[in-house]
Amino acid sequence: MARGAIKTAVSKKDLHLHDVVASMAMKKRYVKRLVRKVVFWLLSVAAISLVTTMIVEKRRGPDSPGGSQSEENLDPNGDPITPVFRANNLQPTRRAARPPFQDRSLAREPPPEEKPQPTGFRLPDVEGERRDWHDYAAMEADKLRSGLGEHGLPAEIENPDEKELEQQMYRKNGFNGLLSDMISVNRSVPDVRLEQCKTRKYLSKLPNISVIFIFYNEHFSALLRSIYSVINRTPVELLKQIVLVDDGSDWDTLKQQLDDYVSLHFPHVVTVVRNVERKGLIGARLEGAKVATGEVLVFFDSHIEVNYNWLPPLLEPIAINPKISTCPIVDIIDHSNFAYNGGYQEGSRGGFDWRFFYKQLPVLPEDSVDKSQPFRNPVMMGGLFAIRTDFFWDLGGYDDELDIWGGEQYELSFKIWMCGGMLLDIPCSRVAHIFRGPMDPRPNPRNYNFVGRNHKRVAEVWMDEYKEHVYSRDPQTYNNIDAGDLTRQRAIRERLQCKSFDWYLKEVAPDFLKKFPPVELPNYASGAFQNVAFATHCLDTMNLGAHNAVGLYSCAENRTHPQFNQFWLLTPDRELRHNGASNCLDVQDMHANATVWMWSCHNQGGNQFWYYDRAHKWLVHAPNGKRCMEGIVENGIGTVYTNECDPANDRQKWEIGYVNNELLDKFFEGV
Ligand SMILES: [Mn+2]
């Protein structure tokens, strides 16, 4: 047993030894195998992740094989942008980092919301806390207000004894000053914003502002309502200052009375600047900007009312990019009844024709995917806008040699775009403005053609070879204007390395040249428009201008080149334009005997579309061809209407001085 036991023990020991040796060999093999396994796994993992990454990269990358071009048209969120936007806003971006290893399954199947969506023009989404800037308490309190003109409803003065004073104050201001005095300076306004605007949040950190009101002989209560609306509807932390620039007014109300009012009611926020001599709109704005301490300048006319939450949407783009200047949508306060009407120029861009008449262009399709989002605007309307103070001065402010008014909105708009900035209209920011009605003429501040000189200065400095198209429209005037010293302006353009006017036209306003060809296209017809039923009578302005009805008057001798009052053009835009002016015949109603107005040409067809039907001698209004212009002379007074077209009615027949038959044959091509 013992031997056996020893043997067993030995053999056990041997066995054990053998075991150890064997197990050592096994361990070695095992380790080797393990290492091989690990290496294999590492290699396969590396290979898989490489393939995955390549797939992901390929999916994330641009669709086109060339790649670089379409990548240049996407922002970091994958939203399409234009080359203009890229040049102005985006640094060359580095390719996005590869997805982390553990997320590869996620990266292989990106959730749908991560895929780039074609959302049209958008500002880049920036990091940063956002907040709801609405002052709901004030909005609720406004809802409870009642009284004359509250909620922007139309108002009127009922007392017949006051009619004469009302008329007098109306003519003095171009709006109903007496009614203004009866409406609270704190009145409520209708919230005319798009629904999406009412809940939108904006960056919590926004720059503060100086609001600059410039005025010349402004009606006191209209000025006060402008100030109150800003104070009531602007977050207090953003309103650094209000500057009132009195541009040499001579009304007493604007002197001691205004000073007293300001020191009593707005002692800390309002600064008054007095120009001893009238400098005009441009000079006054510059004086205001000089004393402004806010980070952003907001220039306003002195007869406006801001709407709810007007400021944050106006400031956010400027906070995103300091070279963006923004304009609110301008609503209309009716000059006679003070009704607040919203949505008038919603969604239109500014432009001009070669006579420097301000024009409206439709919003570019890529900018109107979401109508509540900022859209690019080639030319500001001019009265209401915001711009960073440092950017304004970097651009040289306004050219200080521009006198009184005229051309300044072109100068600043060209500068902003051509010198690396961008001009946006902000649909969620609404400010209403009183567009004046007829008023007694005020003294002309200068005895020379200052508007022409301003235009020539702007054309000389900014429009390069295109200036000739402006001059060729009115060579007599421009040849005789001395534009003065342009050294400082040209130096600004040089210092900022601003782009060419050709670039501006092609990139910022690609539709512009088509709408306003530099070389004028021929008219379909021109001259005097003679009525067939009342053959001694021709279409006539009756010595009136825009916003008045057109009439009939004894015909001029020369039917192809009649006197100014009777010289009409059926233009390439298919409108009936008064020769040498920017007024077009405009019909605003469809009922019988609808008035034919003279109204600023909008170049959009619609209610200013006219066609000459030679077979019937009809002047047909609107493309649907159902309503005709009709002239009637009663008791020696000639009036013009539109009515349903009637072949038997000679009052609807017109002879035109000159008709371009070849062109008229092709009238409806491209309508
Ligand atoms: Mn105004």
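The values are calculated or read from the model by the stated rules, or taken from the named source; none is laboratory data. Bear in mind the structure is a predicted one, so any value in this text is a computation, not a measurement. Every residue, glycine as well, gets a Cβ built from its backbone with ideal geometry; the counts of neighbours run over all protein chains shown.
Among residues that are over 31 Å from the mean Cα position of the chain (by Cα) and more than 29 Å from Arg355 (Cβ to Cβ), Cys645 is included. Scanning the range 301-330 for residues that are under 17 Å from the mean Cα position of the chain (by Cα), modelled with pLDDT of 95 or more and within 13 Å of the ligand (Cβ to nearest atom) yields a single hit, Asp301. Whether any residue in the range 499-507 is outside any helix (DSSP H, G or I) and at positive phi is what I want to check. Checked the range 499-507: no residue is outside any helix (DSSP H, G or I) and at positive phi.
Scanning the range 154-178 for residues that are among the hydrophobic types (A, V, I, L, M, F, W, C) and crowded, with 16+ Cβ neighbours inside 10 Å, which turns out nearest to Tyr308 (Cα to Cα)? Among them, the one singled out is Ala155.
Evaluate the range 463-471: report whether one residue or more is in a loop (DSSP other than H, G, I, E, B) and more than 30 Å from Val211 (Cβ to Cβ). Within the range 463-471 (the criterion being in a loop (DSSP other than H, G, I, E, B) and more than 30 Å from Val211 (Cβ to Cβ)), the answer is yes, since at least one residue qualifies.
Scanning the range 409-449 for residues that are among the aromatic types (Phe, Trp, Tyr) and at pLDDT 95 or above gives Tyr410, Phe414, Trp417. For the range 472-486, the count of residues that are over 29 Å from the mean Cα position of the chain (by Cα) and of a type in the set (Asp, Glu) is nonzero. From the list Leu144, Leu206, Leu223, the one residue that fits, being touching a strand residue (DSSP E or B) at 6+ places or on another chain (Cβ under 7 Å) and either in contact (Cβ under 8 Å) with a residue 12 or more places away in the chain or of a type outside the set (S, T, N, Q) (or both), is Leu223. Sort out which residues of the range 286-300 are surrounded by fewer than 20 Cβ atoms within 10 Å (Cβ to Cβ) and either within 16 Å of the ligand (Cβ to nearest atom) or part of a loop (DSSP other than H, G, I, E, B) (or both), and write them in order of number. Scanning the range 286-300 gives Thr293, Glu295.
Test of understanding: among Gly406, Gly396, which residue is away from the ligand (no atom under 16 Å from the Cβ) and either part of a loop (DSSP other than H, G, I, E, B) or not assigned by TED's automatic domain parsing to the domain that holds Lys290 (or both)? Full working, then the answer.
Values: Gly406 fails: away from the ligand (no atom under 16 Å from the Cβ).
Result: Gly396 is the single residue among Gly406, Gly396 that is away from the ligand (no atom under 16 Å from the Cβ) and either part of a loop (DSSP other than H, G, I, E, B) or not assigned by TED's automatic domain parsing to the domain that holds Lys290 (or both).
Looking across Ile318, Ile332, Ile324, one residue alone is surrounded by fewer than 22 Cβ atoms within 10 Å (Cβ to Cβ) and under 27 Å from Ile214 (Cβ atoms). It is Ile332. Taking the criterion of being within 16 Å of the ligand (Cβ to nearest atom) and either over 11 Å from the mean Cα position of the chain (by Cα) or among the hydroxyl-bearing types (Ser, Thr, Tyr) (or both), the only residue of the range 370-383 that qualifies is Gly383.
Here Asp367 clears all of (1) surrounded by 22 or more Cβ atoms within 10 Å (Cβ to Cβ); (2) charged (D, E, K, R); (3) over 15 Å from the mean Cα position of the chain (by Cα) except the condition numbered (3). Of all residues in the range 430-448, none are part of a helix (DSSP H, G or I), aromatic (Phe, Trp, Tyr) and away from the ligand (no atom under 16 Å from the Cβ). When you scan the range 437-453, do you find a residue that is under 30 Å from Met169 (Cα atoms), of a type in the set (Asp, Glu) and either touching a Phe, Trp or Tyr at 6+ places or on another chain (Cβ under 9 Å) or touching a residue at least 60 places away in the same chain (Cβ under 8 Å) (or both), even just one? There is at least one residue in the range 437-453 that is under 30 Å from Met169 (Cα atoms), of a type in the set (Asp, Glu) and either touching a Phe, Trp or Tyr at 6+ places or on another chain (Cβ under 9 Å) or touching a residue at least 60 places away in the same chain (Cβ under 8 Å) (or both).
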